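Take a look at the structure set out below.
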Amino acid sequence: MERPSLSCFISDHEGFHGTIKKSPQDFVVIEIDINGQLVNSSNVQEELRTSPSQSSQASKRDDKLKQSKPDDTDILNQDCFDLNIILGPAVNKELEHFTNKVRVRAGEQEKVELLLGSYPDKHLRAVVHRAVRYNFPFLQTVTNQSEIRVREDPDFKELASLASEGEAEEFFRFIDAKLPGSVFTFLPDDSKEHRTSVHHFVSRRFGKLVETKSFTDQQKTSITVRLRERSKQLKKRAADSQEELILYTAFTLRKENLETLEAISYMAAVLGVLPSDFTYAGIKDKRAITYQAMVVKKISPERLLDKVSEFERRGIQISRVRPVSEPLKLGRLQGNHFDLVIRDLKPHDKHGLTGLQQLVKEAVENVKNRGFVNYYGPQRFGSGSCVQADQVGLELLKEKMEASVKLFFTPEEGEDLQNKAKRHFLLTGNAKESLALMPAYKARERLMLRALHRYGSGQEGCIRGWLSLPHSMRVFYLHSYCSRVWNEAANYRLQKLGFKPVQGDLVRAGSEKGLKDTTEELHTPQVHVVTSEEEKDEVFSLDQVILPMPGNSVKYPENFLGQWYQDRLAQDGLGQCRFRVTPLKLNVPGCYRPLLAKPQNITYSLRTTEEQQGQSDETCTASLSLTFDLDASCYATVCLGEIMKSNLSQ
C-alpha cells in the first residue's frame, strides 16, 4: 500500500543528507525513569554479584544452548519451557525416548518410569514439574525427596479416551496454568450420554478446582469448565511460598539489535518463568543499543545474576540488579535519552562540505527552539514489513477476522523459517504444520497458530486466534491504525490551515508543556476549542495545538480538519465505526497528542575525516554526533527528519 509522505517541516533551514543506524552503536537509547534519572546510571560492577560456588550447580545444566525446543504457547498464554535448557540436552534426549516408549506401550497395564535426576532446589523442582507437564501433558511427575520421576498419567489416558488426545492435552495445560476464573471449552458433542461421562470425569478428578456446565449455541452443545476463584482450599501452598509470591527483582536491560519482546522470551526460558512475569515501561528500538528498566517476578537478584553468562550469549546484559516491592507499569517513564551518530553527511545542494558546519548549526538551533511535527515513527507500524500493523488494525475494526489473520501471516521477502511458515499457512491453511515450522521466538505467530489448529481458520476460529493473544497485543493493531490516521491528520492540518492556531482547533489551555501520549493525561473537559477572537488575538501558539487519536470518547476539531477526520474514516469503511471490537473485547476511547514536540538538552559535534581512496586520491567524510532527550512516545527518527529535512519516518 502506498503511504502518503510525511513532508511537513516546522523550520525552513536547508538540511543535509546522511546515514542513520549504520550500526547499532550509532543509535543508543537510554530510558529516563519517572524521577528523571537515566536507567543505566549505576555501574554494573557495583551491583550484587553471585559467587562461583553459587553458580556452579546450575552451570552443568545450562552450558549448552545450541538447540532449543520451539517455545510452544497455548491460548491461555501459558508458555512452555525449553527442556533442553532446564534438563540439559542429555536428559532431555532420554525423556524424548521415554515418551516415545510410553506412546508405543499405550494400553498396557505395566507402569514404566524414568528418573530425571535429583533437584535439591525447591524452585528448580517446580520449574521442572511445570515444564515437563506442559511439553508432555500425558506424563505425570512424581517427587521423592529431591528426585523427580515421570510416568504415564492415567487421568490423561482416561480423558483422551472420552474426548481426543488433542483436547486432553489442551485441557491439562488449562488445569496446570491455574488461572482463577479462566474457562476451557470442549468441542461440541451431540451425545448427552458422552457429555455426562466427561462431566463425571472432570468432577471426580478436579471437582475442588473447577465447575462444569453444558451450554447450547446454534444447536450445538458443548461443555465448559471454569477454574474456581481462589479459596482457602486452593491456598494450601501460600504459607510455604508466600515469600515467592511477593518477590520482585528490578534490573536494567541492555540489548543490542534485538527486539524487547524477543529478549524477554529468551530470558524467561533461561530462568524458567513466563514472559508475562516481566514488566517494563516501554518498548525500545531493535536496530540500536538500548537500556531500559525491567522487573521480573518470582526471581531473586542472586538467581538473576547467576544467569548473566547465558544472557550475554544473546547480546543481553543486565545491571542495577536489586529487590523491589512491585512490578513496573507500562508508560511509567519520563522519556528517553538518545546518543546518535549520523554518518556520510552531505549538503542537499552537493556543493561539498565547506558550508556544512553552518548548515548543521542552523538545523540544530531551529529544532531546539521550534521543535518538530510529532509524527508517530516507523516502530508504531512495523518498520520494513510488507503488511504493516495499521492494515491489520483496519481489518479488525471492520471485524473482518479472516482477512486480518491473512494479513497477520503475510510473509516478507526471504527464505527464513518464519517466512516459510507464513507462506505454508497461507497456501495450505494447515496451522499444525505451520506451527512446526515457526521459530520459537515468534511468540505471537505461535499463539495464533495453536488456536487456529484447535478451532479452525473460519470466522470463529480467527476470533479464537486473536483472543489467544494478550490484550496488549490485540489492541496494539488498533492503536497502530489510529496512529496512521493521526499522522495523516497532522499533515493535512499544517498543509491546509498553516502554522498558527485557527478557529476550531483544539488546544490544551494553560499548559506550556505538551501532554503525554496517554488517555489519562487529557480528558474532554480540558480540551478547549479556539474561537475566532482567540485566533485574531493570537492567544495560543502552535505548540499548544493537539490532535485527537480516533476513538469513541474524543472531541474532533471544529473546522476543516474535523470534516477531514470523518471523510478519512469513511474512506476506510469506518464511517459508522464505534471503535469497539466486541468479539475481541477491545475498546478504543482515543486520546489527544500534541501537534509538535521539542527535544531537550540537545548537543552536537561535527567531525570530518580524510580517507584514502586508491594510491593518490583522498576523500573527506563528515559525521554528526547528536545527544538529546525526548518525552515518552516521541520518536528520534522523526526529530532527525526535521533536522536533516529528510523523510525518515516512513
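Observations
- Enumeration of residues in region 266-301 that are within 27 Å of GLN25 (Cβ to Cβ), surrounded by fewer than 20 Cβ atoms within 10 Å (Cβ to Cβ) and among the small types (Gly, Ala, Ser): GLY282
- Whichever residue in region 376-398 is under 21 Å from MET448 (Cα atoms) and not in a helix (DSSP H, G or I) and, among such residues, is least open to solvent (accessible area, probe 1.4 Å): PHE381
- Counting only strands (runs of 3 or more DSSP E) that fall entirely inside region 105-196 and contain at least 2 residues that are open to solvent by 40 Å² or more (accessible area, probe 1.4 Å) and more than 26 Å from LYS297 (Cα to Cα), the qualifying elements are 113-118, 139-144, 147-152.
- Filter pass, VAL324 being of a type in the set (Val, Ile, Thr), closer than 30 Å to SER633 by Cβ and out of contact with any Asp or Glu (no Cβ under 9 Å at 6 or more places or on another chain): yes
- If you check MET401, MET438 for being farther than 22 Å from SER265 by Cα and crowded, with 20+ Cβ neighbours inside 10 Å, only one passes: MET401.
- Residue satisfying all of: in region 572-613; assigned to a loop (DSSP other than H, G, I, E, B) and among the aliphatic types (A, V, I, L, M); modelled with the lowest pLDDT among these: VAL588
- Residues that are within 15 Å of the chain's Cα centre (by Cα) and at pLDDT 90 or above, drawn from region 442-486: MET448, TRP466, TYR477, LEU478, HIS479, SER480
- Residues of region 620-629 that are open to solvent by less than 20 Å² (accessible area, probe 1.4 Å) and touching a Phe, Trp or Tyr at 6+ places or on another chain (Cβ under 7 Å): LEU624, LEU626, PHE628.
- Within region 348-355, not a single residue is in contact with a Phe, Trp or Tyr (Cβ under 9 Å, 6 or more places away or on another chain) and crowded, with 17+ Cβ neighbours inside 10 Å.
- When the helices (runs of 4 or more DSSP H) confined to region 268-375 are screened for residues that are of a type in the set (A, V, I, L, M) and either closer than 30 Å to GLY498 by Cα or over 28 Å from the mean Cα position of the chain (by Cα) (or both), those reaching at least 2 such residues are found at 356-370.
The values are calculated or read from the model by the stated rules, or taken from the named source; none is laboratory data. On a predicted model such as this, the values are computed, not experimentally measured, just so you know. Neighbour counts are summed over all protein chains in view; Cβ atoms, including those assigned to glycine, are modelled from backbone coordinates with ideal geometry. Side chains are part of the model used for accessible areas, which takes the heavy atoms of the whole protein and leaves out ligands, DNA and RNA. Shrake-Rupley method; radii C 1.70, N 1.55, O 1.52, S 1.80 Å.
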